Amino acid sequence: MNMPSGAIPIHEAKNRLPFYIHTAEKNGPVRISRHNEVVAYIVSKEDFEKSVAPKEKSLVEKIQESRIAYGLEDDDFDLTEYFDSIRERNCYGREDSSHIFDEV
């Protein structure tokens with residue numbers, strides 16, 4: 001009977017669950033097998049949240065969603081041009097100031 005490489009039989013995982021939870025927290029997912037086939041994983045809360053939690057949307061994504069909601073997705077409004085027009089060209093009143101987005 002060959003076990004999948006690195007997989008823990010389900011009965012062993014049940015008997016030593018705290019140990020395998022700590023292992024998952026320190027070393028990453030623990031593979032659980034039944035009848036020589038991986039059927040589950042024990043993962044840390046941090047790994048789970050990284051893989052399942054919704055990602056924060058960027059400002060541009062939020063604006064685009066609003067434009068779609070109001071039926072404006074097909075107009076030719078240029079967000080880049082708009083934001084460039086409202087950005088102050090001289091930082092703190094200094095004429096020699098540059099901005100990180102200014103071309104060199």
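Coordinate-derived values only; no laboratory data. Since the model is a prediction, treat every value here as computed from it, not as a measurement. When we count neighbours, we look across all protein chains shown, and the Cβ atoms used for this are built from the backbone with ideal geometry, even at glycine.
Considering just Cα atoms, how many Å³ per residue does the convex hull of the stretch 14-58 enclose?
84
Work the Kirkwood hydrodynamic radius out for the stretch 2-85: mean of 1/r over every pair of different alpha-carbon atoms, inverted, in Å.
Hydrodynamic radius (Kirkwood, Cα pairs) of the stretch 2-85 is 16.7 Å.
Once the Cβ-Cβ distance between LEU17 and LYS50 is put in as r, and R0 is 25 Å, what FRET efficiency do you end up with, to the nearest 0.05?
0.65
Provide the gained length on full extension for the span GLU73 to ALA40, in nm with one decimal, where the gain is 0.36 nm per separating residue minus the Cα-Cα distance.
My answer for the length gained is 7.6 nm.
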